[in-house]
Amino acid sequence: MIRTTRQSLLVAVLAVAAYCETPLALATEPIKIGIVAALSGQSALSGEAITRGLSVAIDEINAAGGLLGGRQIKLIRRDDQGNPTKGVIAAREMIYKEKVTVLFGGLDTPVSVAIVRIANQEQVPFMGPWAAGTEITQNDANPNFAFRVSAVDEIVNKAMLAYALKTFKSVKPGLILVNNPWGESNEKGLRAALAAKGMQAAGVEKLEVNDVDVVPQLTRLKRAGADVLFLVGNVGPASQVVKSLDRMGWKVPIVSHWGPAGGRFTELAGASAENVHLVQTYSFFGKQSPVGEKVIRLLKAKYPQIKSVEDITPAVGVANAYDAMHLVALAIAKAGSTDGDAVRQGFYKIDRYEGLIKTYVKPFTPEVHDALGETDYIWAHFVDNRILPVGPAN
């Protein structure tokens, strides 16, 4: 009887000890943030840029004491190689095995669209720091767990038209678009932007991701009288458009979405890469805000290969990811928890954040999950390997 009593007491003591240690264990357990992006291939620079923006922001947050009573943030990366199937596999691992609190996406809209379906299903907040497809955040899910600090196609498309009208006096633009969901999103947005101005496209042509000759499509646009080309494609297909134009000897202005900024565009496209004018959300060139100056210092300190602002490229990946990570941290703090639905609602409670791209005031609402708007874009072009501003979007 005495032995039994002692055993019972021991079990009780151990149970109480385990209960008491649980909050402590939680307090020291890291908060996992995942990123699924292109970390290899032609668009690998985009994944590296996002990683750098996230990393310096995480370093700041951790140095300031972390979140939720001292928990440090841990970044976990997986390569989607720009492939939706591989992106979904990586996202499932992040959600089910790593149990990430928030999952970041990468450059490619088709990959992000596929991942968002899982994120909404499993109620894990998704943050987009690059892919611009309108349907990523406007996905009809209720509740919707997809948020973004990046460009949005339907807004960019209006800016592309405004820029072409102002800069090149275009009256008959032609569309050359990658044949995937991102291209479809932009075709819809560009047609709507043209219709609102009482205009029609000279023609709409599609190209495949692996096309190496786009002369037939471009020839049709030239014969139709296109005076500007609206280009939507990432590094590979966009570079083929430029090289095909060179083979044709057709000197036509190119107004592009920001896909060419994601990798080795100047190397693949050649000298005519400088003819492409593309939308951006940020540039580290020129006079910087105090936040901009701080981020440059942090990047140089963490990455010795960064000697000057010319080496901070692609700038949009770094800048968008930096601001997005700080907004994610604020959402977690507002939630007081890593529970997915609590964090989702935490985004709506963010009042103000003085970020790199801008000062965000009530950046998210239940109706609007995109923190950047049409006044937050700039236009740039390539000078050698540098992406330099050429003027405002409107």
Original post:
SER239 fails exactly one of the following numbered conditions: (1) modelled with pLDDT of 95 or more; (2) out of contact with any strand residue (DSSP E or B) (no Cβ under 9 Å at 6 or more places or on another chain); (3) among the small types (Gly, Ala, Ser). What is the number of that condition?
Top reply: (1)
Original post:
Which members of the stretch 163-192 meet the condition of being farther than 20 Å from VAL152 by Cβ, among the polar types (S, T, N, Q) and within 26 Å of the chain's Cα centre (by Cα)?
Top reply: ASN179
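Are any of the residues in the stretch 325-332 closer than 20 Å to ALA146 by Cα and surrounded by fewer than 16 Cβ atoms within 10 Å (Cβ to Cβ)?
no
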Original post:
Being in contact (Cβ under 8 Å) with a residue 60 or more places away in the chain and either crowded, with 24+ Cβ neighbours inside 10 Å or touching a strand residue (DSSP E or B) at 6+ places or on another chain (Cβ under 8 Å) (or both), is that true of even one residue in the stretch 300-311?
Top reply: yes
Subject >> GLY87 among the small types (Gly, Ala, Ser), under 19 Å from ASN210 (Cβ atoms), at pLDDT 95 or above and within 16 Å of the chain's Cα centre (by Cα) >> reply: yes
Subject >> GLY262 surrounded by fewer than 24 Cβ atoms within 10 Å (Cβ to Cβ) and either small (Gly, Ala, Ser) or in contact (Cβ under 8 Å) with a residue 40 or more places away in the chain (or both) >> reply: no
Subject >> Subset of the stretch 197-232 (residues that are in a helix (DSSP H, G or I) and without any contact (Cβ under 8 Å) to a residue 24 or more places away in the chain) >> reply: PRO216, ARG220, ARG223
Original post:
Would the stretch 253-261 turn up any residue that is in a loop (DSSP other than H, G, I, E, B), in the same structural domain as ALA201 (by TED's automatic domain parsing), touching a Lys or Arg at 6+ places or on another chain (Cβ under 8 Å) and modelled with pLDDT under 95?
Top reply: no
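For the stretch 310-322, how many residues meet the condition of being among the acidic types (Asp, Glu) and part of a loop (DSSP other than H, G, I, E, B)?
The qualifying residues number 0.
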Original post:
Considering the stretch 267-309 alone, what residues qualify as being within 21 Å of the chain's Cα centre (by Cα), in a helix (DSSP H, G or I) and under 15 Å from ASN385 (Cα atoms)?
Top reply: VAL309
**OP:** Scan the stretch 139-163 for residues that are buried (at least 22 other Cβ atoms within 10 Å of the Cβ) and among the small types (Gly, Ala, Ser) and jot them down.
**Re:** ALA146, SER150, ALA151, ALA159
**OP:** Name every residue in the stretch 64-110 that is more than 20 Å from VAL149 (Cα to Cα), touching a strand residue (DSSP E or B) at 6+ places or on another chain (Cβ under 8 Å) and small (Gly, Ala, Ser), in order of residue number.
**Re:** GLY66, ALA90
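This table checks each residue for (1) part of a helix (DSSP H, G or I); (2) over 17 Å from the mean Cα position of the chain (by Cα).
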{"residue": "GLN42", "(1), (2)": "no, no"}
{"residue": "ALA49", "(1), (2)": "yes, no"}
{"residue": "MET94", "(1), (2)": "yes, yes"}
{"residue": "GLY106", "(1), (2)": "no, no"}
{"residue": "VAL111", "(1), (2)": "yes, no"}
**OP:** Look at the stretch 135-152 and say how many of its residues are over 17 Å from SER46 (Cβ atoms), within 12 Å of the chain's Cα centre (by Cα) and free of Cβ contacts under 8 Å to residues at least 60 places away in the same chain.
**Re:** 0
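The values are calculated or read from the model by the stated rules, or taken from the named source; none is laboratory data. Predicted model only: the values in this text are computed from it and were never measured. Neighbour counts run over all protein chains shown; Cβ positions are idealised from the backbone, glycine included.
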